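The values are calculated or read from the model by the stated rules, or taken from the named source; none is laboratory data. Computed from a predicted structure; not experimentally measured. Virtual Cβ from ideal backbone geometry, glycine too; neighbours counted across all protein chains shown. Surface accessibility is based on the protein's heavy atoms, side chains included, excluding ligands, DNA and RNA. Shrake-Rupley method; radii C 1.70, N 1.55, O 1.52, S 1.80 Å.
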Amino acid sequence: MSIQDASRFSRQMTLPQVGEAGQTRIQNGRVLIVGIGGLGCPAALYLAAAGVGKLGLVDPDQVALSNLQRQILYTPADLGQNKVLSAAEKLLVFNPNLQIKCFAQALTAENAEMLIKDWDVVIDGSDQIAVRYLLNAACNKNNIPFIYGSIYRFSGQVSVFQKPGPCYRCLFPDPPAKGSIPDCNQGGVLGAIAGLVGTIQALESLKVLLGLDSLAGQLLLIDGLEMQFEKIALSRAPDCLCCGKAPQPLHEFANQRIMQISPVKLHAWIASQSQLQLLDVRTPNSSDPLKGRNLPLEELSQHLYSLEQGAPILVYCQRGIRSTAAAELLLEAGFTQVYNLQGGLDNLND
Ligand SMILES: [Zn+2]
């Protein structure tokens, strides 16, 4: 270890659980963060500061104005930039010795194992339930500790899913119906709650790298409004479809992905498309700056015949929630080029 490193990391190396050997383990550590948002940003910052050797960043999205309230690696100058590239730039300033691999792509059933296989720990920074089930399955299959975190309004949850302990699906056996779980756009969240959960995920990752006891087998419940923390013991479900005797194959998670269009790039993107169908899925009587066709979500399934299946479709609504449901409906109906205006028209007005 260089004299400079010994000095930089001296405060944590003083801990009996770390020492020089532990710091070497941290510096040899490779952590993949899937989703560089409200949880992934603070997690990445603390891991970079602790001297983790290699970070992988996975995120297909670009920085939007409404992200800045909680996604603390981004500034107004980053709007419209790929999150992974913008995050990597900041983290490298923070720690120039850090190796970073950027994946500006969505996690899918096809690429999940390829993306996770070379990492020691995987952090769940995604707010999409489908991604979480897929990551849990891929990590379980490849025996990689999976640091789960989620937030909702003032509350949060964290756990470490690691063999031979329970997995995420032991805890939540059935994926909820699409659209039934509100995300940050819909439910709202305070940035500090995201920071708290992301920081705990970073801490748990470091404990896993150090070989210390982690939250494996336990679920931490955080109530930020009453300021109460509670831990409950988890146990394995014998018939779990992920870690039980008959696991569901990863391709069961295959779902055609909705392609997200960043509001910042919307106008240039529209200009680059030919035969684009613009679909406003809000209830009628809302003013539409994009002047698309109004087809409310509730009526969409009866009017699919009137849409061109082979041509791109951009769906949008006020906040990106109904349009996500509409996009899923279109994908299920066999449409292949389905685009969603990320965050809806509200983000466009930012
Ligand atoms: Zn399980």
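What to note about this one:
- Close pairs (8 angstrom Cβ cut-off, 6 or more residues apart or separate chains): in a strand (DSSP E or B) in the range 276-304, of a type in the set (Lys, Arg) and open to solvent by 70 Å² or more (accessible area, probe 1.4 Å) anywhere: 277/293; 278/291; 278/293; 279/293; 280/293
- Counting only helices (runs of 4 or more DSSP H) that sit completely within the range 167-240, those holding 3 or more residues that are at pLDDT 95 or above and over 23 Å from residue 15 (Cβ atoms) correspond to 191-210.
- Residues that are of a type in the set (Asp, Glu) and touching a Lys or Arg at 6+ places or on another chain (Cβ under 8 Å), drawn from the range 112-140: 113, 118, 120, 124
- Looking across the range 134-172, the residues that are open to solvent by 50 Å² or more (accessible area, probe 1.4 Å) and either in contact with a His (Cβ under 6 Å, 6 or more places away or on another chain) or within 12 Å of the ligand (Cβ to nearest atom) (or both) come down to 141, 162, 163, 164, 172.
- Hits in the range 326-337 (condition: under 12 Å from residue 300 (Cβ atoms) and buried (at least 17 other Cβ atoms within 10 Å of the Cβ)): 326, 327, 328, 329, 330, 335
- Qualifying residue in the range 49-65 (condition: closer than 29 Å to residue 24 by Cα, open to solvent by 50 Å² or more (accessible area, probe 1.4 Å), at pLDDT 95 or above and not basic (Lys, Arg)): no
- Criterion applied to 313, 321 was being surrounded by 14 or more Cβ atoms within 10 Å (Cβ to Cβ), among the aliphatic types (A, V, I, L, M) and touching a residue at least 60 places away in the same chain (Cβ under 8 Å), and the one residue passing it is 321.
- Scanning the range 239-292 for residues that are of a type in the set (Asp, Glu), within 16 Å of the ligand (Cβ to nearest atom) and either over 28 Å from the mean Cα position of the chain (by Cα) or closer than 22 Å to residue 325 by Cβ (or both) returns a single hit, 252.
- Flag for residue 121 being open to solvent by less than 10 Å² (accessible area, probe 1.4 Å), touching a Leu at 6+ places or on another chain (Cβ under 6 Å) and touching a residue at least 40 places away in the same chain (Cβ under 8 Å): no
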